[in-house]
Each structure stands twice: as structure tokens, then as C-alpha cells.
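Before any comments, here is the structure.
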Amino acid sequence: MTSGNPLMLPMNDRVRQSFVRRCVSDILNGLSDGLTHFSGASRAAVIFALRPDSPMLLCDPQNLLKGHEPICKSLYLDNQSWRTNEKVRFDRKHYAEIIPIKDPGLAGLLSHGGYSGSVFFQQWFTEQHPDLCATGPTECWLEHAVWRFSHDLANDAELYTGISGYFLKEYATHAVRDHIIDLMNVQLGWDTSMRIYPILDAVLMISETQEEGSWAEGRLLFVDPGMLDQLHFLVKFQEELRPQLINYKHVRKLLLTVERSGRSLVSDGRAILGICDDTLPSFSICADFRGRYGFLKVNRGKVCSFADGRFSSTTYQAKLVQLEELLLESELKRFDCYFIFKIVVSLVQHAQRRKHGCAVVIDLNERPVRISGQTLSPPLDLRKPYTLKLTKSLAKVDGAIHIGADMHLHGFACLLDGRAFEGEDLARGARYNSALRFTAEHPKIIVVVVSSDRPVSVIHQGMDIQGACAWTQQGGCMYHLDRLDYWVGL
């Protein structure tokens, strides 16, 4: 970015200019930090104009919008219609009256924006990760950033507390709650007695409570009292003996009655009412416990996941986007890339469902390298369904399975060796670090590592591609504001 450009803000006071920079920087830092914990490494950027006649400004410290210059030029410079909005009362007293702006639909990005009395125009952006349960919580996060920026600039610099960034950093539970409220208001209206925060607290506490050394499994269904007649109860508890939701240990014990079944415990948000079958009412919230992690759903649709006492966006299903890109960049034919990718995805998802770790070596050499282990002669054709099924069982054995570019299984229980190097991660296990060492010495080999308690890792040339980050987090910085016309090269 051209950080040395003059801003020509419609304010003469340099203190005011510095105040705007500080507000933007604090919000971007909090937004990026919070979303990184919720969804993985996340960047954030903003485009805004303080007044109707102000130049459009940009703050993009991690180059999130790089490559989108043409569409930004078309939307905000060539077209000036955004400067006219008769509904906006440009007065700092009306900072809370946010008039939403349509998402411009930039590829790979989520955004939210609005007009207000203190910031005439603002649009906040972050990246859309490929494994989101739902985009709703992230969009609520961005919506709150719009409100915080409008609120902060409605005050004078002397009154600024800097709390917006800290609040956005810890916004995960609030974002989940806000998204559920939005869905609930559409279907139930405002007249409901269900309180979402106690439900979210209960879900996290139950997920962290073990029963005889085992984590919770089974479904806990939350239903508005007015919809209980839509359920098919198998068991109803006596009203005076109903376990209270706040008694997490008791609820955890009761989950044993619906474990690995089509049944659900039913709660009205205060107590456990009984056990029902798989029939759902017109609106419900479901906590689907699956051991070390689980999913929060609204009407069977995933909202987010939860594990280790916090909510996140991950689906716990390997998308393996980076693997697909590596295969397409290789010398293989596209048809072969497609089949190898489908084979690996099938193996990885089977290992995840069965909750066991494994490592898959994808050997792109013309002649597969020799790896110590159970070498197969002749190799097995993985395009045949029964062979692929057998390979899923072989993947349970300690060691890696060895797949060649010919889509054949060349070995299993393979031991990956290599010399130690600086890129190792001592916080990870032997399977992961062995893959780092092996791929560092074999450039045409990709290793996919599945851990029972971690996301899937795609390792190539001694580096975790999934964990690689192309930008450096600059927390605690005061960022530069650029004029959009200079940024696009006008």
C-alpha cells in the first residue's frame, strides 16, 4: 500500500486525524484477533468516508483487498451514487441509526457496512474461510464493528476509551447469540421466553463435563414452551422433579439416555423436560455433542461448533482446499488430480468419523520413492471400491499409507524418516513432525496428517500448508489510512 499518501481529511485538527486512525486501528486489531480465534488466521480491512463530501479512505494492513482494486474502483470511484442517501441524518447524535449497505460480493470475502450520523459510509471486510459452519456469526461480528466505529467517532477524542477493539476480540459468544437471535426473530418474532446466553453457557459447561472419564455425546434440544406440543415425547419428567439446566453434571448424566441414538433430551432453556424422538418443531436450537467437540444447530442447520470451552466456526470436516491446489499445480493430468483428491478426502473423512489418527503420503514422483514399511506387490488400485475400503482399514495401523501418482496403494505402516530442521513444531506429535522432516527432503511428496484431536494438516516441502500464513499479524499498531484513489493507482 502507498502509506505515504496525503489524506486530505475534511478536518484541520491533526488530533482529530490521529483519533480516527486510532479508532480504525483498534477495531481492525480486535476484529482480526477475535476472528482468528474463531475461524483461524483472519485478516480485516475497512473502506470508509467520514462525510458525504470526504474522499473514500482505506485501511488494509494485511493486504486483504489486494487483487480487488478494479472492482473497488468501479464501486466507489467510477460510481459516486454512494454519496447520496436521503435517509441518512448526518449528525453525531444519530450515530446508532445504522442504515445497512448491500454486500458488494467480493470473491472470497465477507463484509458488512452502513451509513450513520457520525460516519457517513463504512464497509468492513474479512476473508471467508472454506470450512465455516455458517457465515452468520462472522457477519454479525462485522455488523458490530460498524456500530462500534460509528459510536467511537460520535465522541470526542478526549472521551475515547479504546474498548471497542477489546470487545470485538472477545465477541465470539455474542456473535453466535446475535446470529441465533436474528434467525429466531424471523421465525418466532420478538415474543419468546427463550434466553440464548444461558443456553450457550450450559452447552459449553456440559461439553467440558466428563462422566466416568467420557465426554458428552447425544443431542440436547431447546424448544420454545409454545412449541412443545409439536414434539413427540417418549418420556416426560414430573414438573416438580425436572432437572434444572444450570445443574450441568446432572444434565451430563442424562445425556447417557440419548447417546448414539435418534432421541434428544428436551429443554425449555430452564429445565430438562423429557426425551423426544427425531421430530423437530418449526424452530429449535440443538446442541449436538460428539465427544471432544460438538455442533450448535438451528433447525438442523449448523451455526457453529464448540470445543475446549469456546465456540468456533470449523466444521471439523477436512475441506483440503490447499491439497486440491497443490495437485492442480503439479504435473498430473486434471483427471488424475480429481481422482487422487477424492481418494484422499474419502480416507481422511473416514479416519475423522472413526476418531483415529493417520497419515496419507501422496507421492507425485514418476516412480514412487521407497519408504520403509509394508510394501505391496503388486500395488492395489484405489479406483476400485473394495480396495479403497480395505485401505481405510489399513490406515488405522501405525505409520503412513503410501499412494502413488498412479492412484495405487504402494504400502502401509510406512515409517517417515528425515533429518531434524528448524521448521519442526515441538508442540505436535511424532506423526506430524515426521511428515515435516520427510517432505522437507522429498519435494514431490505431500503428506496429509489426520490427528484425533486437531484439524487436518496438509504438509509439503517441510511446511504445514494449512497453517501457513501469508501475512504477519501487527497487533497493537497504528495503521496508515490511504486514499482509495491513490491505492487503486489513479
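The values are calculated or read from the model by the stated rules, or taken from the named source; none is laboratory data. It should be emphasised that the depicted structure is a prediction, and the values quoted were computed from it without experimental measurement. All Cβ positions, glycine included, derive from the backbone under ideal geometry; neighbour counts span all protein chains shown.
Overview of values
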read-out	value
Condition check for Lys333: among the basic types (Lys, Arg), surrounded by fewer than 17 Cβ atoms within 10 Å (Cβ to Cβ) and either more than 17 Å from Leu132 (Cβ to Cβ) or not assigned by TED's automatic domain parsing to the domain that holds Thr257 (or both)	yes
Residues being outside any strand (DSSP E or B) and touching a Leu at 6+ places or on another chain (Cβ under 6 Å) - total across the range 400-412	2
Qualifying positions in the range 352-374 - over 13 Å from Ile446 (Cβ atoms) and either in contact with a Lys or Arg (Cβ under 8 Å, 6 or more places away or on another chain) or aromatic (Phe, Trp, Tyr) (or both)	Arg354, His356, Gly357, Cys358
Total residues in the range 220-252, condition more than 20 Å from Asn299 (Cα to Cα), surrounded by 15 or more Cβ atoms within 10 Å (Cβ to Cβ) and touching a residue at least 40 places away in the same chain (Cβ under 8 Å)	4
Helices (runs of 4 or more DSSP H) completely within the range 93-191 that count 3 or more residues being over 20 Å from the mean Cα position of the chain (by Cα) and over 23 Å from Cys304 (Cβ atoms)	136-154
Per-region count, the range 353-383, residues surrounded by 15 or more Cβ atoms within 10 Å (Cβ to Cβ) and part of a loop (DSSP other than H, G, I, E, B)	7
Members of the range 263-293 that are more than 26 Å from the chain's Cα centre (by Cα), among the hydroxyl-bearing types (Ser, Thr, Tyr) and buried (at least 17 other Cβ atoms within 10 Å of the Cβ)	Ser264, Ser267
Sole residue being farther than 30 Å from Arg51 by Cα and not small (Gly, Ala, Ser), chosen from Leu204, Leu153	Leu204
Which numbered condition Phe421 fails, given (1) at positive phi; (2) in contact with a Gly (Cβ under 8 Å, 6 or more places away or on another chain); (3) not small (Gly, Ala, Ser)	(1)
Residues (without any contact (Cβ under 8 Å) to a residue 40 or more places away in the chain and under 22 Å from the mean Cα position of the chain (by Cα)) located in the range 336-356	Val345, Gln349, Arg353
Residue count for the range 294-326, restricted to those that are part of a strand (DSSP E or B) and either surrounded by fewer than 17 Cβ atoms within 10 Å (Cβ to Cβ) or touching a residue at least 40 places away in the same chain (Cβ under 8 Å) (or both)	15
Matching residues, the range 438-481, being closer than 19 Å to His350 by Cβ, assigned to a loop (DSSP other than H, G, I, E, B) and modelled with pLDDT of 90 or more	none
Positions within the range 151-166 being surrounded by fewer than 15 Cβ atoms within 10 Å (Cβ to Cβ) and closer than 15 Å to Arg92 by Cα, in sequence order	Asp156, Leu159
